1. For the chain, what is the relative contact order in percent, using Cα pairs closer than 8 Å and at least 6 residues apart in sequence?
2. Work out the length of the dipole vector of the range 93-173 about its Cα centre, built from +1 on the beta-carbon of each Lys and Arg and -1 on the beta-carbon of each Asp and Glu, and round it to the nearest 20 debye.
3. Put +1 on the Cβ of each Lys and Arg and -1 on the Cβ of each Asp and Glu in the range 62-212; which of VAL137, ASN212, LEU95 then has its Cα farthest toward the positive end of the dipole?
4. Ignoring ligands, DNA and RNA, what accessible area per residue does the chain give at 1.4 Å, in Å²?
5. Suppose only helical runs count, i.e. DSSP H with n ≥ 4. What mean residue ellipticity at 222 nm does that imply for the chain under -39500 (n - 2.57) per run, divided by all residues and rounded to the nearest 500 deg cm²/dmol?
6. What part of the accessible area of the range 19-174, given as a whole %, is carbon or sulfur when the probe is 1.4 angstrom?
7. Considering every Cα-Cα pair within the range 1-93, what fraction, in whole percent, is farther apart than 23 Å?
8. Would you kindly state how much longer the chain becomes between HIS467 and ARG359 on full extension, computed as 0.36 nm times their sequence separation minus their alpha carbon distance, in nm to one decimal?
Amino acid sequence: MLSSIRSFGVSGIGGFPVSVEVYISNGLPGFEVVGLPDTAVRESRERVRAAIKNNGFRFPVSRLTVNLAPADKKKVGTLYDLPILIGILAASGDLRQPGEESAFIGELSLNGELRPVPGALPMAIAAQREGVKKFYVPAENAGEAAFAEGIAVYPVENVQQLLRHLRGEEELVPASAPDPETDRGAVPDFADVLGQENVRRALEIAAAGGHNILLIGPPGAGKSMMAKRLPGILPDMSREEMIEATEIWSVAGLTSRKHPLVSTRPFCAPHHTVSTVGLAGGGTIPKPGQVSIAHQGVLFLDELPEFKSDALEVLRQPLEDGEVTVSRAAGTVCYPSRFMLVCAMNPCKCGWYGHPSGRCRCTEQEVRRYHSRISGPLLDRIDLIVEVPALQYEELRGRRLAESSAAIKARVNAARQIQRRRFGADGTMINAHMDSRALRQFCALDEESDRLMRDAFEALGLSARSHDRILRVARTIADLAGEERIDPEHIAEAIQYRSFDLNGGKI
């Protein structure tokens with residue numbers, strides 16, 4: 001009276017195998033779940049008991065022990081309801097034990113309906129890696145899990161449907177992965193932006209190389225409006241990028257039957273009241289934060305100085321390493337967080353410092369205090385700092401149509417294609433991620449460019465990190481121009497984006 005059912009769990013954004021062992025023995029009636037279960041797993045006893053009775057079966061009046069192996073790894077969530085139910089039916093002789101090629105996940109309602117669970121795609125990928133051929137999941141998770149290649153994913157609506165399939169009475173049809181959504185109709189167009197040619201140019205460079213950018217300007221200048229149009233000029237995602245982003249969204253519980261795949265680059269814009277945990281991830285049961293949900297996309301921080309300083313400082317590790325490590329009592333997990341940081345801020349608390357109208361009443365000390373909310377190490381990790389001036393009346397009333405997002409995106413795609421050919425199988429896909437060896441190889445400077453770089457380094461008091469970031473931006477500018485080498489004009493433009501002084505304008 002022993003059965004063993006294959007299942008899976010999630011740690012970080014990766015799946016791991018779990019064996020659900022069910023043993024029915026003589027003794028006083030009892031139902032124990034062991035193997036480091038959390039509260040949600042322990043509560044599965046009542047859901048499984050009700051589902052068995054409501055589907056016409058007799059719940060064993062015996063001592064029932066369920067072990068979730070490996071017993072030294074924490075098990076969380078409601079996804080073990082279905083394998084526990086199958087294991088009890090198999091151990092009591094009401095169902096033939098499923099073979100080793102089958103695995104099960106799913107939350108049960110009291111009447112045996114299956115509800116979706118987070119992390120279906122990472123678990124499906126882990127199941128394929130472990131040699132599972134048949135993966136039974138709730139119907140709402142099937143489209144997402146079907147993106148795992150080399151495994152048959154069966155959508156299950158309820159327990160009766162699954163049992164008829166396992167007995168050979170009714171065949172379930174494996175789910176197929178839906179086509180990725182390509183509709184970008186909801187993304188506003190750059191054609192709506194009046195003037196601001198310098199800012200449009202900076203955003204194009206940022207999109208082409210994946211660079212971090214900070215926009216500084218008075219209220220109403222268009223900072224947020226242009227940032228929200230950035231996804232429309234970002235390059236299309238590769239399948240590998242889609243799968244990687246979807247794994248994170250799946251673990252965070254953000255996928256659904258209607259939207260099973262992240263097929264367009266994420267755009268996350270948390271409010272400035274967001275906590276450190278909300279931004280970096282964590283919690284009692286660790287979950288991805290905004291820096292990970294924005295993986296392969298954009299993290300937009302509007303009103304940058306209004307964010308809590310401790311929340312901003314947690315950005316340092318993901319900006320530098322492309323991942324964030326969360327350590328809690330329940331364990332340590334690592335989430336990918338390779339995103340493009342876009343920030344916007346006013347030049348002072350009231351927003352009008354330096355405006356020709358003279359309406360700003362902030363003192364120099366108040367302005368410096370406002371700017372000091374952003375630490376030097378964080379600013380050092382931003383590639384482009386751009387001033388967004390207030391629009392003039394003639395620009396506001398102008399009738400000339402601006403360049404569309406489609407035209408800008410075509411140039412961005414061409415620059416990204418150059419980068420893919422350049423880096424090849426190196427694993428570094430864009431200029432913003434070049435390491436020191438790639439910088440030496442692909443950012444060599446001639447004598448005039450080197451002289452420009454030396455003068456800027458000494459005049460602006462640049463750090464080694466800022467020096468490297470200027471080279472990466474110059475490489476992107478050269479790629480947009482279709483140039484093989486970095487010329488002096490490319491270096492000069494890149495330096496311009498590092499020369500804004502937060503305490504008083506241009507140096």
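1. Taking the mean separation of contacting Cα pairs over the length of the chain, I get 13 percent.
2. Roughly 140 debye, rounded to the nearest 20.
3. LEU95
4. That works out to 44 Å² for each residue.
5. Using -39500 (n - 2.57) per qualifying helix, the result is -10000 deg cm²/dmol.
6. That share works out to 46 percent.
7. In whole percent, the share of Cα-Cα pairs in the range 1-93 beyond 23 Å is 18.
8. Values: separation 108, 0.36 × 108 = 38.88 nm, distance 3.68 nm.
35.2 nm is the gain from fully extending HIS467 to ARG359.
The values are calculated or read from the model by the stated rules, or taken from the named source; none is laboratory data. Only a predicted model underlies this, so the values are computations on that prediction, with no experimental measurement involved. Cβ sites come from the backbone with ideal geometry, for glycine too, and all protein chains shown count toward neighbours. Heavy atoms of the whole protein, side chains included, go into the accessibility calculation; ligands, DNA and RNA do not. Shrake-Rupley method; radii C 1.70, N 1.55, O 1.52, S 1.80 Å.
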